[in-house]
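Notes for the one structure printed next.
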Amino acid sequence: MVPDARGQGLGSQLLTRLEDRCREKASENYHLANLEIVANASSSEIAARDLLQANNYFVAFTMLEMRLAKDTVLPAWTTLPVGYELRLVLPEHHLAIWQCIGDAFDARNMNKSRFAEAIRKEEFAPYFSGDATLQFVAWELQAERIAGQVLCRVLENGVGEVYHVSVGVGHWRKGIARTLLLMALREMRSRGVQEFTLGTRQENQTEAWRLYESVGFETIKAFPRWRKHR
């Protein structure tokens with residue numbers, strides 16, 4: 001809202017109209033019993049936050065944007081625990097990695113909802129469309145199965161993005177995620193990448209943000225995800 005238009009209730013009126021429109025559209029295609037209206041307002045958008053709160057929105061969860069500055073000194077080198085090894089990601093590994101991601105999500109998700117049932121290549125392949133040498137996957141040697149993964153890419157602006165980190169069931173608290181993450185960051189730095197970004201959910205049961213802080217990431221901004229019951 002431009003400054004001259006503030007304080008006249010226009011924001012509330014516009015929000016109400018948008019909510020009514022959402023309900024109208026939803027009634028045409030969906031059952032409304034569990035309808036929720038969602039909105040975004042970052043931690044720095046104070047007026048938007050206040051507007052949402054005044055109209056009975058609540059924070060469902062919060063996403064954190066974290067960055068690793070170019071002058072940050074990475075922790076000392078670590079290696080994978082005995083019995084695990086790093087392998088180059090091949091296309092025939094994609095489904096197994098996707099399933100490991102889903103299993104890790106299910107094990108931590110209180111609602112026990114399935115993250116990924118995809119079995120068709122076109123459904124999961126886009127997740128691995130980047131440079132395979134920036135996808136770091138640990139295998140458990142004895143069982144010949146994937147134990148964890150850190151997937152990265154370099155954005156158009158030259159910033160390295162860590163877009164997924166997870167460890168499969170039975171492999172937690174062994175330092176696998178931390179080791180893979182440090183491998184990824186060092187590899188990207190060797191290619192000239194100086195700054196890194198990632199997003200994580202603050203309420204994640206694993207408190208993954210603690211891992212990221214331990215290697216030098218800092219929270220730049222919080223993005224609460226606002227919701228309102230029908």
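All conditions but one from (1) out of contact with any strand residue (DSSP E or B) (no Cβ under 7 Å at 6 or more places or on another chain); (2) within 30 Å of K174 (Cβ to Cβ) apply to G83; the one that does not is (1).
Checked against (1) β-branched (V, I, T); (2) touching a strand residue (DSSP E or B) at 6+ places or on another chain (Cβ under 6 Å); (3) farther than 13 Å from A104 by Cβ, T179 passes all but a single condition, namely (2).
No lab work stands behind these numbers, since they all come straight from the coordinates. Note that the structure is a prediction, hence the values are computed from the model and not measured. Using ideal geometry, Cβ is built from the backbone for each residue, glycine included, and neighbour counts are taken over all protein chains shown.
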